[in-house]
Amino acid sequence: MAEARMRSAAAPARKAGQRTNARDDRGLWNRPALLDLLSDLLMLFAAIGLGWALVTWFLSRPLFPLRELVVLTPPGQVTEAQLQYVARTAIRGNFFTIELDSVRSAFEKLPWVRRAEVRRRWPDGIELRLEEHQAVAYWTSTESGDTRLVNRQGEVFTASSDARMPAFSGPQGSAATLLARYETYSGMLKPMGASLKGLMLSAREAWQLKLDNGVLIVLGREQERAPLEARLKRFVAAWPEVRDSIGLQVAVADLRYPGGFALTPIDAVPVGRNQATKGKK
């Protein structure tokens, strides 16, 4: 009986040892295939890192210096000195490491540059294309009083010019609207033999037109019964007859009346006042 008990007690001990050995057999160090895979992965990552480091080191060497800036569009307002200054201060690195976006932004900060395009030119150059602003009018903001310029796209930009151009004045963000109205009203005023010198828009959306003959046309605000263009067209049509009949030099033409307009001669405009003499039409 004692021997039987001893055998029965030893059997569980042998089974426990077998389970322990089985767990050891399943360990990482007892799985050669898995170790080989991990070793291959580590070697691959090490090779990639070393290759990247070598490429970065190679490209950073002074082997591909930039020696030439080729301007493909002849500048009009931008000077050669300005281009050279930007090239010296903004172009960094070699043919491969140069940051083209930062170079493009640097050229676009020049006063007359609207848009710049920069490309690499093998083996040691940079190509530059410039789109310059084409100024069509002076611009004065009614909020700040700052004077700037308006381009053909109706965009306001900062630059200096002494060219003869019309003057726009209006709330911030209205330059494109004034440019469109300027083109419309200029065509309508041609029968008068006068050109539009200035265009003003108030914060209450009231319009005034300044002609090169000294006449100020007060259009006022848009009216449902008498739209702005209808009132201006009626005034232009009546102007030759009115001018010959009154025999006076007109300073102000007030077109805010639905059924007519008022004229103020130059002699009738005292300092600080704006008196109007109605002209029936």
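The values are calculated or read from the model by the stated rules, or taken from the named source; none is laboratory data. Bear in mind that the values here come from a model prediction, so they are computed numbers and not experimental data. Virtual Cβ from ideal backbone geometry, glycine too; neighbours counted across all protein chains shown. These area figures cover heavy atoms from the full protein model, side chains too; ligands, DNA and RNA do not enter into them. Shrake-Rupley method; radii C 1.70, N 1.55, O 1.52, S 1.80 Å.
What the table below lists for this structure:
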| quantity | calculated |
| --- | --- |
| Selection status of LYS190, out of contact with any helix residue (DSSP H, G or I) (no Cβ under 7 Å at 6 or more places or on another chain) and either touching a residue at least 60 places away in the same chain (Cβ under 8 Å) or part of a helix (DSSP H, G or I) (or both) | yes |
| Of the criteria (1) part of a strand (DSSP E or B); (2) more than 30 Å from VAL70 (Cα to Cα), which one LEU130 fails | (2) |
| Those residues of segment 156-169 which are polar (S, T, N, Q) and crowded, with 19+ Cβ neighbours inside 10 Å, in sequence order | SER169 |
| Check on ALA163, of a type in the set (A, V, I, L, M, F, W, C) and either modelled with pLDDT under 95 or in a loop (DSSP other than H, G, I, E, B) (or both) | yes |
| Number of the condition not met by THR177 [criteria: (1) in contact (Cβ under 8 Å) with a residue 12 or more places away in the chain; (2) not in a helix (DSSP H, G or I)] | (2) |
| Complete set of residues in segment 137-150 that are crowded, with 19+ Cβ neighbours inside 10 Å and within 20 Å of GLU205 (Cα to Cα) | ALA137, TRP139, VAL150 |
| Leading residue by the ranking (surrounded by the most Cβ atoms within 10 Å (Cβ to Cβ)) among those in segment 61-103 that are in a strand (DSSP E or B) and either over 24 Å from the mean Cα position of the chain (by Cα) or at pLDDT below 95 (or both) | LEU69 |
| Close pairs (6 angstrom Cβ cut-off, 6 or more residues apart or separate chains): closer than 18 Å to ARG115 by Cα in segment 64-90, open to solvent by less than 60 Å² (accessible area, probe 1.4 Å) and among the charged types (D, E, K, R) anywhere | VAL70/GLU127; LEU72/GLU127; GLY76/GLU132; GLN77/GLU132 |
| Pick from segment 220-233, criterion part of a helix (DSSP H, G or I) and out of contact with any strand residue (DSSP E or B) (no Cβ under 8 Å at 6 or more places or on another chain), ranking: most open to solvent (accessible area, probe 1.4 Å) | LYS233 |
| Restricting segment 104-124 to residues that are more than 12 Å from the chain's Cα centre (by Cα) and part of a strand (DSSP E or B), the residue that is surrounded by the most Cβ atoms within 10 Å (Cβ to Cβ) | VAL118 |
| One residue from GLN153, GLN134, GLN172, GLN208 being open to solvent by 40 Å² or more (accessible area, probe 1.4 Å) and at pLDDT below 95 | GLN172 |
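Yes or no, residue by residue, for (1) free of Cβ contacts under 8 Å to residues at least 24 places away in the same chain; (2) within 24 Å of GLU229 (Cα to Cα); (3) in contact with a helix residue (DSSP H, G or I) (Cβ under 6 Å, 6 or more places away or on another chain); (4) not aliphatic (A, V, I, L, M):
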{"position": "PHE95", "(1), (2), (3), (4)": "no, no, no, yes"}
{"position": "SER105", "(1), (2), (3), (4)": "yes, no, no, yes"}
{"position": "HIS133", "(1), (2), (3), (4)": "no, no, no, yes"}
{"position": "SER144", "(1), (2), (3), (4)": "no, no, no, yes"}
{"position": "VAL150", "(1), (2), (3), (4)": "no, yes, yes, no"}
{"position": "PHE157", "(1), (2), (3), (4)": "no, no, no, yes"}
{"position": "ALA194", "(1), (2), (3), (4)": "yes, yes, no, no"}
{"position": "LYS197", "(1), (2), (3), (4)": "no, yes, no, yes"}
{"position": "TRP207", "(1), (2), (3), (4)": "no, yes, no, yes"}
